[in-house]
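Chemist: Just passing along the structure, written as structure tokens.
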Amino acid sequence: MRTEPDRADTLGGLARGLAVIEAFNPQRPRASIADIARATGLTRAAARRCLLTLQSLGYAEFDGKFFTLTPRVLRLGGAYLSSTALPEILQPELEAVREAVHESCSAAILDGPDVIYVARSAARRIMSVSLGVGSRLPAHCTSLGRALLSMLPETRLEAFLANLPPEAAGHTRVAVVAARTLGHALVNEELEPGLRSVAMPVRDMRGRCVAAINIGAHAGRATDEVVETLFLPALRRAVARLAERIPG
């Protein structure tokens, strides 16, 4: 069971620095001090100190007006990937699923409102956005996210839903309840027109949910019959094998 550290034991400066890094995204690849202050809720002075610290450490560059992150930031994500065996264990199973169904297969974990891709085996490009390890997508409207949400305790699920607009929260709640009942989550052209995907939770040897894996395909190929007779059996086989391989 994960316990939260006491606030007296946490480092505020580190928290602010990480918040500044997370403020950069595809919609905000370059940012001024004022931009970062608005995005993080920090004062301009605090945002400036954080940005200049990141610059001095090589995590950011400054052109006189705008700051941008440098590739050095990848070390932070790389540290996670190199410290866990999960992606290495997942990858062969994703490859096996892709070979069985001839469609892309991915694995993700839950991080706040998003899912983060930790492994992927792509058959062909089916989305307008490019997906790879480290990519983020909203959890509430993806099959991976709903599969992961279906494994949360009710209190954590309610906290997640409380941050969504009412209509999205209601729709997501119904989909998550269905995923709990069925053992899988199916998303039909919600994230992107023409895309259907189905996902299942992945458990470790102790039965704890550690990730989810999915198959994504063009809606024209992913008919209900194909999902039932091809996709779901392939996912079930992969999930069963992973439950015997991922340490608890």
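Chemist: Evaluate the following for V187: is it in contact with a helix residue (DSSP H, G or I) (Cβ under 8 Å, 6 or more places away or on another chain), closer than 16 Å to L110 by Cβ, touching a residue at least 24 places away in the same chain (Cβ under 8 Å) and assigned by TED's automatic domain parsing to the domain that holds V115?
Modeler: Against the criterion (in contact with a helix residue (DSSP H, G or I) (Cβ under 8 Å, 6 or more places away or on another chain), closer than 16 Å to L110 by Cβ, touching a residue at least 24 places away in the same chain (Cβ under 8 Å) and assigned by TED's automatic domain parsing to the domain that holds V115), V187 qualifies.
Chemist: Does the stretch 159-195 hold any residues that are at pLDDT 95 or above and either in contact with a Pro (Cβ under 6 Å, 6 or more places away or on another chain) or charged (D, E, K, R) (or both), and which are they?
Modeler: Those that are at pLDDT 95 or above and either in contact with a Pro (Cβ under 6 Å, 6 or more places away or on another chain) or charged (D, E, K, R) (or both): R173, R180.
Chemist: Quick one: which helices (runs of 4 or more DSSP H) lie wholly within the stretch 142-215 and hold at least 3 residues that are under 27 Å from R237 (Cα atoms)?
Modeler: 143-149, 166-182
Chemist: Among the residues of the stretch 138-148, is there at least one that is out of contact with any Leu (no Cβ under 8 Å at 6 or more places or on another chain) and at pLDDT 95 or above?
Modeler: Within the stretch 138-148, one or more residues are out of contact with any Leu (no Cβ under 8 Å at 6 or more places or on another chain) and at pLDDT 95 or above.
Chemist: Provide a single number: the residues in the stretch 33-64 that are touching a strand residue (DSSP E or B) at 6+ places or on another chain (Cβ under 9 Å), surrounded by fewer than 17 Cβ atoms within 10 Å (Cβ to Cβ) and hydrophobic (A, V, I, L, M, F, W, C).
Modeler: Residues meeting the conditions: 2.
Chemist: Pairs needed: first member in the stretch 234-248, in a helix (DSSP H, G or I); second member anywhere, of a type in the set (S, T, N, Q); C-beta distance under 8 Å; at least 6 residues apart or different chains.
Modeler: L235/N214
Chemist: Could you give every pair whose Cβ atoms fall below 7 Å, whose first residue belongs to the stretch 139-153 and is closer than 10 Å to V177 by Cα and assigned by TED's automatic domain parsing to the domain that holds A107, and whose second residue is surrounded by fewer than 24 Cβ atoms within 10 Å (Cβ to Cβ) and among the charged types (D, E, K, R), counting only separations of at least 6 or pairs across chains?
Modeler: Final answer for the pair search is S150/R180.
Chemist: Condition check: in contact with a His (Cβ under 9 Å, 6 or more places away or on another chain) and either assigned by TED's automatic domain parsing to the domain that holds V115 or of a type in the set (D, E, K, R) (or both). Does G194 satisfy that? Can you show your working first?
Modeler: Values: in contact with a His (Cβ under 9 Å, 6 or more places away or on another chain): yes; either assigned by TED's automatic domain parsing to the domain that holds V115 or of a type in the set (D, E, K, R) (or both): yes.
Yes; evaluated as a whole, the condition is true for this residue.
Chemist: From the list V239, V202, V227, pick out the single residue that is in contact with a helix residue (DSSP H, G or I) (Cβ under 7 Å, 6 or more places away or on another chain) and surrounded by 17 or more Cβ atoms within 10 Å (Cβ to Cβ).
Modeler: After applying the criteria, what remains is V202.
Chemist: Of all residues in the stretch 26-53, count the ones that are in a helix (DSSP H, G or I) and out of contact with any helix residue (DSSP H, G or I) (no Cβ under 7 Å at 6 or more places or on another chain).
Modeler: 5
The values are calculated or read from the model by the stated rules, or taken from the named source; none is laboratory data. Quantities reported herein were computed from a predicted structural model and do not represent experimental measurements. Here the Cβ is made from the backbone with ideal geometry for all residues, glycine too, and neighbour counts use every protein chain on show.
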